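Please read the structure below before turning to the comments.
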Amino acid sequence: MNSVPLRIVFVAMILAVWLGQHQHLLAAAQRHPNEVRSAPRSLARDRLEWPTADDVKRTLLLSDYNTRIVAIGTTMLGVAAAIVGVFMLLRRRSLLGDVVSHSTLPGIAIAFLVMETMKPGGGKWLPGLLTGALIAGLAGILCTKLILRYTRIKEDAALAIVLSVFFGAGMSLFKAVQYIPSGSQAGLNHFILGKAASMVAADVWVIGEVSLGIVVIIGLLFKEFSLLSFDDKFAASQGWPVFRLDLLLMLLVAGVTVIGLQSVGLLLVVAMLITPAAAARFWSDRLGRTTLVAAILGGGGAFSGVLISAMYPRLAAGPVIVLTGVLFFVVSMMFGTRRGAIIRFMTHRQLKAAVGRQHILRALFEFLEPRCNPELPTSAQLVEHIVTADDLQPMRSWTGKRLRHLLRIAESSNFITAVREGGYRLTTRGAELAHRVVRNHRLWELYLIEYADIAPSHVDRDADDIEHLLGPDVVESLERLLSERYPHMTVPPSPHLIDANSDTAKRPSVS
């Protein structure tokens, strides 16, 4: 019953809104009778155009002066940032670069205001702006250190506090700069997102000098920075100036951040610090090689990003440089020779197959052991017997599918041969390897029982977890233990029951 009045009210509201909009449009038309409305903008105007063959040739040969300037400057920046980023990553201070970059914003605004007050029209002087950015970045580091030293706030919270406060202050100061007559034309907003295309030869000289200085300092103090990154407490105990080294490293981070403001901006410069260093970790575990690979990836990513931006003028160089670095990171994560996803998958698969082969050989040996010479089955005795899958099934908690898979792996490795349907026989090579596998397994069981005080009934599972990783030196020391307890035996007897379903079970020989 109340639906009709509600519909009337709803229609009346729509009419009121429409009449208000109509009157507003009529008033605007009366105020600007000669204004010509622009046609709707087409999305086709904003799409990227493929470069021509001549454009690609000119870009790859660095024929354009501006392309050469930007490529040289950003490449040197990429190398220096990547080298510093390796030590930042090892020190677990990746976010500190982000704090420094955001802290430079109020320094830029204050430097502009000071120079504009002292000399109207001189606020755009780049060395002065970069000096202000450096001072503000160092102030951000100092504030973080003070918070960590005199409060109970954790490091991540301290970094977040300093980052947000400095960035908020910088945005407020940038708003104030806009009210100055020359502030709107100062181009300070380019420091936020970067504008590499505006770089000139003088900027490249500054980037080159600072980058060279950073690389030289790290080269001279590489050993000290390495010790600081891996174990700063040990370095302090040995009398190394840990605080001064850490302060110098933070100064290098601030220097890289400042020279990267114009090319990639304060929001993206942290990516040039961390991304190449993180990507290099997939290629090597040695610090020297990791640093070299990071420098190559950092410089190569910056150079490639500039070339792509030159081929597609609508793409800003800064974001393209960062995206190119991310692409290098993805490639490293997939194809890295040390920690890449593919190599780790292959290594895991090979290790799983090797462990499976050892388990199936040990099961064959332990099944045949009570049926041969109880003291020491020889290889000739082992190869005479035929074993079926049904015989091995009770030995371990294998599914039928898993057991058949392990038997196929052992057969393909020439450890066993199929003699008839469902039957297998050890080869001479398989029998020798089975001896070695069982010997290492029982040596470790003896060690766990004698020195780790593990019960014989529980030692088998613990030995399974570690026996595949025993090195030659460990096996040699265990052999000495074996020679003392079992001087006349190569393979010691099992300290626990092996086949609970068999009438012939191995006797426990270690009390």
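For the range 51-92, how many residues are assigned to a helix (DSSP H, G or I) and more than 30 Å from Val253 (Cβ to Cβ)?
Qualifying residue count for the region: 9.
Regarding the range 46-67, can at least one residue be identified that is closer than 20 Å to Glu209 by Cα and either under 32 Å from the mean Cα position of the chain (by Cα) or surrounded by 24 or more Cβ atoms within 10 Å (Cβ to Cβ) (or both)?
Yes, there is a match, as at least one residue in the range 46-67 is closer than 20 Å to Glu209 by Cα and either under 32 Å from the mean Cα position of the chain (by Cα) or surrounded by 24 or more Cβ atoms within 10 Å (Cβ to Cβ) (or both).
If you check Ala310, Ala254, which single one turns out to be in contact with a helix residue (DSSP H, G or I) (Cβ under 8 Å, 6 or more places away or on another chain) and not assigned by TED's automatic domain parsing to the domain that holds Gly194?
When all the criteria are applied, what remains is Ala310.
Select, from Leu163, Leu146, Leu142, the only residue that is surrounded by fewer than 21 Cβ atoms within 10 Å (Cβ to Cβ) and in contact with a His (Cβ under 8 Å, 6 or more places away or on another chain).
Going through Leu163, Leu146, Leu142 in turn, the sole match is Leu163.
Can you find, within the range 149-160, the residue that is nearest to Val99 (Cα to Cα) among those that are surrounded by 14 or more Cβ atoms within 10 Å (Cβ to Cβ) and touching a residue at least 12 places away in the same chain (Cβ under 8 Å)?
Within the range 149-160, the match that is nearest to Val99 (Cα to Cα) is Leu159.
Mind counting the residues in the range 165-183 that are under 18 Å from Thr104 (Cβ atoms) and either without any contact (Cβ under 8 Å) to a residue 40 or more places away in the chain or not assigned by TED's automatic domain parsing to the domain that holds Gly255 (or both)?
4
Condition check: over 28 Å from the mean Cα position of the chain (by Cα) and on the phi < 0 side of the Ramachandran plot. Does Gly107 satisfy that?
It is true that Gly107 is over 28 Å from the mean Cα position of the chain (by Cα) and on the phi < 0 side of the Ramachandran plot.
Would you kindly identify the helices (runs of 4 or more DSSP H) lying entirely within the range 359-430 that contain at least 1 residues that are in the same structural domain as His441 (by TED's automatic domain parsing), surrounded by 15 or more Cβ atoms within 10 Å (Cβ to Cβ) and among the acidic types (Asp, Glu)?
So the answer is 389-392, 400-412.
Inside the range 93-132, can you point out the residues that are assigned to a loop (DSSP other than H, G, I, E, B) and farther than 19 Å from Leu267 by Cβ?
Within the range 93-132, Lys119, Pro120, Gly121, Gly122, Gly123, Lys124, Trp125 meet the criteria.
The values are calculated or read from the model by the stated rules, or taken from the named source; none is laboratory data. Quick caveat, the model's predicted, so the values are computed rather than measured. As a convention, Cβ positions derive from the backbone with ideal geometry for all residues, glycine included, and neighbour counts pool all protein chains shown.
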